[in-house]
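Written out below as structure tokens is the structure these notes cover.
The values are calculated or read from the model by the stated rules, or taken from the named source; none is laboratory data. Everything numeric here is computed off the predicted structure, so don't read it as measured data. Cβ: placed from backbone, ideal geometry, glycine included. Neighbour counts: every protein chain shown.
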Amino acid sequence: MATEDARYRQTSQYQLWSFSPAQLAAMRETTNAAARARIAERLSYSQPPSAAASSTNTPDPSGSTPAPGPQLPEFLTPAEEAQLVAFFTSELLRAGDHAEMSDEIKATAAVFFRRFYVTNSIMTYPPQDMLIVALFFGCKAEGSFVSISEFGRTFGKEHPEEILAGEFLLCQGLRFALDVKHPFRALRGAIMELATLPDIDPARLGAAEARAREILRFSPLITDAYFHFTPSQIMLAALSLADRALAERFITKTFHYVAPPSAADNSSGPGTPVPDSGGGGGTPAPSKKSRSGEDNKAEVIGSQVRDKVLGAIEACRDMLSRELPERREHWTNKAVIKAQIAPLRKKLKACRDPDRWNLVELQRRRREQAARNVDSEDEDGGRSGKGSLDADAAVFGEPLGAAKRRKVEGGRDGKGGGGLGDPFGPPL
């Protein structure tokens, strides 16, 4: 039977959205550079070259005329983009609290939002609109289907198009990977497992679970924990921050298995019974099949795996400790917003993409372009004497009934084929 780790490796969360810190940083650098190039090109067409045109009236000593060019704004850096994404993620969680959404919906929406802005720049698409889109799509991904009109009124959106315009765009950015694995159920299972131990105080367990759940509601969603660690590692890191001794006790209880000595370890040779401590005849050495099972079990929950697991949990614990739940007040503090966030939003307003910032207008233009493409294809097919059905027939074969239609038409023309014009067929 496949282990839990093997099953997780088959999920889209691991295969598409798990990265090392270096890989994630490189992706954000690439996204930022591509956005800067595209926005600079679009701004060069939309801005009048006023400053450059005035410089052409001044003669150049070399005799050449300088080429006019637009004045480009200062673009956001990848670090500044990451800071703004963290700020808007906190705003998303606040919006979810305002709408009284469940922990799973808010967490899914936050993960969607952060994934989207790995391969899309915050300078290209408006984060204040995309966070509402992520919340609405998070509701559907978690099986909570709400009315679009009612949802829009909750957030002051009068027209459903303001939310629906970014929905397919979000799906594309997510690479249509809509299943998100969270650590909430893992925490409940760990607490139930610890409750079976006789010397654990139930009140202590309850306090540790409450604190760990509070951490899971905020810390991994603001940081990059979902990109670097598995849900169980995130859960154990949160439990360690809540009660380190309980987390270590759980890890020791889980990774406790020690494989029995193999027959090869016996000096008596293979197949020789292993002597027991009672002086009896001994027990036979384990068979090759049972030995393989013992080795697999040791690889999964063996004590030698514990050190590797502890290393990953410590790294995740360090990441979560930078954004503890108490930091919620930091992201809503007016002084912090004025000193850190407001200058970045002002900078973002100057360097945003002029063609893609309005999601409703962007969707309208794309629909019109798609309609024009369909019309042009139909015109080309009619001009060449081949309709869309004939074009499809070149790929998929002729339409059903075409052979029968040829048979009927051939009989009516008197050219043979045994059509309906002559029930006995053509003359001999």
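Okay, here's what the table says:
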| item | result |
| --- | --- |
| Candidate set from region 10-29 (those that are of a type in the set (A, V, I, L, M, F, W, C) and touching a residue at least 40 places away in the same chain (Cβ under 8 Å)); member that is nearest to His182 (Cα to Cα) | Trp17 |
| Close pairs from region 195-209: first under 15 Å from Ala247 (Cβ atoms) and in the same structural domain as Thr254 (by TED's automatic domain parsing), partner in a loop (DSSP other than H, G, I, E, B) and not small (Gly, Ala, Ser), Cβ under 9 Å, at least 6 apart | Arg204/Asp243; Leu205/Asp243; Ala207/Asp243; Ala208/Asp243 |
| Per-region count, region 179-219, residues at pLDDT 95 or above and among the hydroxyl-bearing types (Ser, Thr, Tyr) | 1 |
| Filter result for the condition that a residue is buried (at least 19 other Cβ atoms within 10 Å of the Cβ) and not charged (D, E, K, R), over Ala134, Ala195, Ala210 | Ala134 |
| Check on Glu74, part of a loop (DSSP other than H, G, I, E, B), at pLDDT below 95, of a type in the set (Asp, Glu) and in contact with a helix residue (DSSP H, G or I) (Cβ under 9 Å, 6 or more places away or on another chain) | yes |
| The lone exception for Phe112 - which of (1) in the same structural domain as Ala237 (by TED's automatic domain parsing); (2) buried (at least 16 other Cβ atoms within 10 Å of the Cβ); (3) touching a residue at least 40 places away in the same chain (Cβ under 8 Å) it fails | (1) |
| Region 8-25: number of residues that are in a helix (DSSP H, G or I) and under 11 Å from Thr230 (Cβ atoms) | 3 |
| Enumeration of residues in region 2-32 that are within 26 Å of Leu348 (Cβ to Cβ) and hydrophobic (A, V, I, L, M, F, W, C) | Trp17, Phe19, Leu24, Ala25, Ala26, Met27 |
| Cross-chain or 6+ apart pairs with Cβ under 7 Å, region 320-331 first and under 16 Å from Val85 (Cα atoms) and touching a residue at least 60 places away in the same chain (Cβ under 8 Å), then in a helix (DSSP H, G or I) and not hydroxyl-bearing (Ser, Thr, Tyr) | Glu323/Ile222; Trp331/Phe87 |
| Positions within region 92-109 being surrounded by fewer than 18 Cβ atoms within 10 Å (Cβ to Cβ) and either in contact with a strand residue (DSSP E or B) (Cβ under 9 Å, 6 or more places away or on another chain) or assigned to a helix (DSSP H, G or I) (or both), in sequence order | Arg94, Asp97, His98, Asp103, Glu104 |
| Residue list for region 213-248, restricted to those being of a type in the set (Lys, Arg) and either within 17 Å of Val111 (Cβ to Cβ) or surrounded by 13 or more Cβ atoms within 10 Å (Cβ to Cβ) (or both) | Arg213, Arg217 |
| Residue that is touching a residue at least 40 places away in the same chain (Cβ under 8 Å) and assigned by TED's automatic domain parsing to the domain that holds Arg36, where the choices are Gly152, Gly156, Gly173, Gly143 | Gly173 |
| Candidates Lys349, Lys415, filtered to the one that is more than 30 Å from Asp243 (Cβ to Cβ) and modelled with pLDDT of 90 or more | Lys349 |
